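*Asks:* One structure, as structure tokens, below. Some questions next.
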Amino acid sequence: MATTTPLPSPPSASQALVLIAEDEPEIADILQAYLRRAGLRTVYAEDGRKALNMHLSMKPDIVLLDVKMPKMDGWKVLSEIRHRGGTPVIMLTAMDQDIDKLMGLRSGADDYVVKPFNPAEVVARTQAVLRRTMADESRQVRVLRVAPFEIDLDQHEACVQVEEELHSLSLTLTEFRLLTHLARSPKKVCTRAELLAACLPEGDALERTVDSHISKLRKKLEELGVKGIPAGIRGVGYRLWGTQ
């Protein structure tokens with residue numbers, strides 16, 4: 001079972017980075033202006049796929065996420081963000097039914113704002129969520145522990161335990177991303193397409209490129225005596241553990 005261990009020294013909310021995922025440029029421009037006036041940094045994604053790529057590469061402190069977006073809707077984006085970790089998310093939507101609000105909160109959203117909204121209220125809610133989450137353990141320095149690995153998510157360092165001894169792994173950025181993604185849900189089978197989107201978002205790589213990186217990662221582990229990790233699932237993809 002994967003566990004995340006918090007350590008001290010939570011980051012400051014000052015100059016936090018806000019990712020705005022919104023397909024209406026006018027709304028995004030207004031939000032950016034108000035947030036920047038409040039001292040927050042902003043980046044902007046006009047569709048769901050770009051939002052996920054920017055979330056992975058830029059590691060924003062909070063996401064303002066529209067529900068109805070092209071390429072990938074907000075619910076799917078929220079689900080993937082939650083799979084990756086604890087980045088706080090505020091949903092932005094024109095849907096004002098109670099059932100929609102409940103769906104957002106039960107899916108892991110930290111707050112919910114209905115359009116049309118007062119931009120100043122969105123800023124206030126953003127600051128409130130940041131204050132709460134940045135003081136929370138999930139936003140502190142984290143170490144992911146799932147046998148036989150210990151992965152420092154902030155320092156981008158990974159170790160593997162072999163016969164009671166911890167060995168540091170020399171991994172490329174992509175190998176580290178793949179190991180971390182699989183370690184978050186060690187029994188889950190991840191498709192090549194999922195791993196490609198989550199771990200190799202910068203280029204137009206083919207799904208088979210994932211096989212090459214997995215092979216190199218597996219070879220480094222085998223050199224330390226760790227065999228069969230990650231496990232290949234024929235016709236589907238990979239998971240961290242095989243039959244464990």
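*Asks:* Select, from LEU64, LEU19, the only residue that is under 22 Å from GLU194 (Cβ atoms) and modelled with pLDDT of 95 or more. I'd like the intermediate steps shown before the answer.
*Replies:* On the way: LEU64 fails: under 22 Å from GLU194 (Cβ atoms).
Answer to the selection: LEU19.
*Asks:* Within the stretch 95-117, can you find the residues that are of a type in the set (Asp, Glu) and either modelled with pLDDT of 80 or more or in a helix (DSSP H, G or I) (or both)? So that I can check it myself, show each step before the final result.
*Replies:* Residues of the stretch 95-117 of a type in the set (Asp, Glu): 96, 98, 100, 110-111.
Residues satisfying the conditions are ASP98, ASP100, ASP110, ASP111.
*Asks:* Report every pair of residues separated by at least 6 positions or lying on different chains whose Cβ atoms are under 7 Å apart, first residue within the stretch 68-92 and modelled with pLDDT under 90, second loosely packed, with under 15 Cβ neighbours inside 10 Å and assigned to a helix (DSSP H, G or I).
*Replies:* From residues that are modelled with pLDDT under 90, the pairs are GLY86/SER138.
*Asks:* Could you grab the pairs with beta carbons closer than 7 Å, sequence gap of 6+ or different chains, first residue in the stretch 205-219 and within 18 Å of GLY235 (Cβ to Cβ), second one part of a helix (DSSP H, G or I) and open to solvent by 40 Å² or more (accessible area, probe 1.4 Å)?
*Replies:* Listed pairs, sorted by first residue: GLU207/ARG192; GLU207/ALA193; VAL210/ARG192.
For every residue, the table says whether it meets (1) open to solvent by 50 Å² or more (accessible area, probe 1.4 Å); (2) among the basic types (Lys, Arg).
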residue	(1), (2)
GLU164	yes, no
LEU169	no, no
PHE176	no, no
THR180	no, no
PRO186	no, no
ARG192	no, yes
LEU196	no, no
CYS199	no, no
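The values are calculated or read from the model by the stated rules, or taken from the named source; none is laboratory data. Bear in mind that the values here come from a model prediction, so they are computed numbers and not experimental data. Virtual Cβ from ideal backbone geometry, glycine too; neighbours counted across all protein chains shown. Protein only, heavy atoms only, side chains kept; ligands, DNA and RNA dropped before computing areas. Shrake-Rupley method; radii C 1.70, N 1.55, O 1.52, S 1.80 Å.
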